[in-house]
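One structure is given below, encoded as structure tokens.
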Amino acid sequence: AQSVTQLDSQVPVFEEAPVELRCNYSSSVSVYLFWYVQYPNQGLQLLLKYLSGSTLVESINGFEAEFNKSQTSFHLRKPSVHISDTAEYFCAVSVNGGATNKLIFGTGTLLAVQP
Amino acid sequence: ETGVTQSPTHLIKTRGQQVTLRCSSQSGHNTVSWYQQALGQGPQFIFQYYREEENGRGNFPPRFSGLQFPNYSSELNVNALELDDSALYLCASSSTQGESTEAFFGQGTRLTVV
């Protein structure tokens, strides 16, 4: 069965410092990988996704993630964080792939950016 | 295009009661999925509807049921509410058309069972 592990429940970091949020997945088949962000009292917003092709994917607000098949990882990184990046971040895998995806989420990592 | 909308935003129910949550999918999307997010946890897949039929179900008991309507909107019904049903319920819509595999989430319905 597919599963997603986010080892860090909370990551405190100072503003303008780099950050990495870790995500490992378990699957015996090909997967699609996603990072979602959830701000307080809101739903989930897609941050970035890996479907195929280049293993390094980027978002419009400076985040990037690299798909590493050998290590079954999809870690999220940002070279310099802002206060506004404070949120809960969820890594997810798509079980079936394709448009009718059923997402399996990790338990989330709270990114707490301090001034 | 309109996004995914859910109603109500907040709800308080008593144990044993029944509840119906509603979701309007994004324009052009024909698939709706429901997730339960307990406090401090990641969302858990409840079930998915495609063309008005259930298209996969997670590890939830039968008292969790759903519907999808011809306009692709959807309802989640929960009978015999239990305290542990207190959670944020998220609806996500997606499309089988084209290459997009992105699921768009609504803001959620916060259900509190007392």
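The values are calculated or read from the model by the stated rules, or taken from the named source; none is laboratory data. The shown structure was predicted, so the numbers you read here are calculated from the model rather than taken from an experiment. Cβ coordinates were reconstructed from backbone atoms using ideal geometry, including for glycine residues, and neighbour counts include every protein chain displayed. In case anyone asks, the SASA skips ligands and DNA or RNA and just uses the protein heavy atoms, side chains included. Shrake-Rupley method; radii C 1.70, N 1.55, O 1.52, S 1.80 Å.
Structure notes:
- For region A:26-48, a residue qualifies if it is surrounded by 12 or more Cβ atoms within 10 Å (Cβ to Cβ), within 13 Å of chain B (Cβ to nearest Cβ) and within 24 Å of residue A:69 (Cα to Cα), and the qualifying residues are A:31, A:32, A:33, A:34, A:35, A:36, A:37, A:46, A:47, A:48.
- Leading residue by the ranking (nearest to the other protein chains (Cβ to nearest Cβ)) among those in region B:23-43 that are within 22 Å of residue A:39 (Cα to Cα) and surrounded by fewer than 18 Cβ atoms within 10 Å (Cβ to Cβ): B:41
- Region A:19-48, residues that are under 21 Å from residue A:83 (Cβ atoms) and not hydrophobic (A, V, I, L, M, F, W, C): A:20, A:36, A:38, A:39, A:40, A:41, A:42, A:45
- Annotation note: Cβ proximity below 9 Å between a residue of region A:5-20 that is more than 14 Å from every other protein chain (Cβ to nearest Cβ) and a residue that is of a type in the set (Ser, Thr, Tyr) (sequence gap 6+ or interchain) occurs for A:11/A:89; A:11/A:109; A:15/A:80; A:16/A:80; A:17/A:80; A:18/A:80; A:19/A:80.
- Elements of type strands (runs of 3 or more DSSP E) contained in region A:49-107, each with 3 or more residues being at pLDDT 95 or above and open to solvent by less than 30 Å² (accessible area, probe 1.4 Å): A:73-78, A:87-94
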